[in-house]
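Take a look at the structure below.
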Amino acid sequence: MKKQLASLNIYSPGKTAEEIQRDLNIKSEMMKLSSNENVYGPSPEVEKTLQAAIQNIHEYPDAAGTDLKQAISRFYQVPSEAVLLGAGLDEVIQMLSRAILKPGDEIVTSEQTFVQYSHHAVIEDCTIVTAPLTNGKFDLKALLGQVTDKTALVWLCNPNNPTGNYFSEEELTAFLSEVGDVPVVLDEAYAEYVTAENYPDSLKLRDQFENIIILRTFSKAYGLASLRIGYAISSDKWTDLWHRVKLPFNVTTFSLKAAEAALADQDYLKRIVTQNATERARYYASEFKNHLLPSETNFVFIQVDDASQLNDFLLRKGIIARPVPGGVRLTIGTRDQNDVIIEVLNEYFKEEA
């Protein structure tokens, strides 16, 4: 066994609502807001598509994902050859790491970001070099100072998970202009939720910088988390390399068909994004707004000294959040859910005052 595997933790998704109800003897219904899922669900067109797809459940999926790749190609105006499909962005991150990293290489990323970047660096026996976040976002100037001739891959999460803040197109362009030919991954899992006008147009930047790899997913705003489908858009020549480490039939027929239907229903997506932005604004108009980091996502990061204490308080009120170092990450719920949550958080911070 690779000796470095002993240092890795097995991913813990947290307890289910049923387990928490049993452990804490809670009788009321729990609000699961710990995984940044789309609380409104996917487009109604997805269910219709899945009903039709079940007729061919006995057949293997299209290993190339041709129809979905072509749909993504038309939507973003990129060659279909530039698209890599994976079973969620977790698998895409795994494929990129496996294809690029060699023992002794270094990756550069931020201290508090999506753990899978560093997880796969450890598996590939690489060194992880980090810089602190600034106000919950990647500090690109600080990261640039960490890039050396040993850097094989740079991971940027924008907006960042778990903090929710983002860096601008001006900041990203300056970084890409200085970083050289090192592959730079832009993980934009929450891009659809962003309403800020200066958020980077990464597809436009792709034409200028061939070393960027753009990650997107259908798990978040499109509401297909359980179907596990994400994708990368990169240089045409690079995508061929990724496919050499891709498992055959890695994405199911259901996932392919559902993603194609979800992508086609942009009117539904726009309604989801608008509703999320409206509900997100309520948090930043609340009495506890000073405890929140800026967010352009479907979650907020609540800064507290004792994350466990706040998390336990929320659990006893029927709210499942995600405690992380420095605070608690909480998915923005529906209007009815947020009515309850905002009242509960007001109560918590009044007691703490």
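Conditions tested, residue by residue: (1) of a type in the set (D, E, K, R); (2) open to solvent by 20 Å² or more (accessible area, probe 1.4 Å); (3) touching a helix residue (DSSP H, G or I) at 6+ places or on another chain (Cβ under 7 Å).
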{"residue": "A258", "(1), (2), (3)": "no, no, yes"}
{"residue": "T278", "(1), (2), (3)": "no, yes, no"}
{"residue": "A307", "(1), (2), (3)": "no, no, no"}
{"residue": "K317", "(1), (2), (3)": "yes, yes, yes"}
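In the stretch 167-210, the qualifying residues are those that are touching a strand residue (DSSP E or B) at 6+ places or on another chain (Cβ under 6 Å) and assigned to a loop (DSSP other than H, G, I, E, B), and the one that is nearest to G230 (Cα to Cα) is A189.
Right, I100: at pLDDT 95 or above and closer than 30 Å to D149 by Cα or not?
yes
Whenever a residue of the stretch 283-310 is touching a residue at least 24 places away in the same chain (Cβ under 8 Å), its partners that are surrounded by fewer than 19 Cβ atoms within 10 Å (Cβ to Cβ) and in a strand (DSSP E or B), lying with C-beta atoms within less than 9 angstrom and at least six residues away or across chains, give the pairs H291/Q303; L293/Q303; F301/V324. Here S226 meets each of (1) part of a helix (DSSP H, G or I); (2) open to solvent by less than 30 Å² (accessible area, probe 1.4 Å); (3) modelled with pLDDT of 95 or more with one exception, condition (2). Taking the stretch 188-223, which residues are surrounded by 15 or more Cβ atoms within 10 Å (Cβ to Cβ) and of a type in the set (D, E, K, R)? E188, E192, R206, R216, K220, listed by residue number. Please state which one of R271, R322 is open to solvent by less than 60 Å² (accessible area, probe 1.4 Å) and closer than 22 Å to F218 by Cβ. The unique qualifying residue is R322. Taken across the stretch 32-44, residues that are open to solvent by 40 Å² or more (accessible area, probe 1.4 Å) and part of a helix (DSSP H, G or I) do occur, with at least one present. What is the one condition in (1) touching a residue at least 12 places away in the same chain (Cβ under 8 Å); (2) surrounded by fewer than 18 Cβ atoms within 10 Å (Cβ to Cβ); (3) outside any helix (DSSP H, G or I) that V251 does not satisfy? With (1) touching a residue at least 12 places away in the same chain (Cβ under 8 Å); (2) surrounded by fewer than 18 Cβ atoms within 10 Å (Cβ to Cβ); (3) outside any helix (DSSP H, G or I) applied to V251, the lone miss is (2).
When S118, S177 are screened for being among the polar types (S, T, N, Q) and more than 19 Å from the chain's Cα centre (by Cα), only S177 passes. Within the stretch 138-196, how many residues are within 25 Å of T127 (Cβ to Cβ) and in contact with a Pro (Cβ under 6 Å, 6 or more places away or on another chain)? Residues in the stretch 138-196 being within 25 Å of T127 (Cβ to Cβ) and in contact with a Pro (Cβ under 6 Å, 6 or more places away or on another chain): 2 in total. Across the stretch 271-281, not a single residue is classified as outside any helix (DSSP H, G or I), within 28 Å of T134 (Cβ to Cβ) and at pLDDT 95 or above. Quick one: how many residues across the stretch 280-292 are farther than 16 Å from V340 by Cα and open to solvent by less than 30 Å² (accessible area, probe 1.4 Å)? Going through the stretch 280-292 one residue at a time, the tally reaches 1.
The values are calculated or read from the model by the stated rules, or taken from the named source; none is laboratory data. Computed from a predicted model, the values in this text were never measured in an experiment. Neighbour counts are summed over all protein chains in view; Cβ atoms, including those assigned to glycine, are modelled from backbone coordinates with ideal geometry. Note: accessible area is taken over every heavy atom of the protein model, side chains too, but ligands, DNA and RNA are not part of it. Shrake-Rupley method; radii C 1.70, N 1.55, O 1.52, S 1.80 Å.
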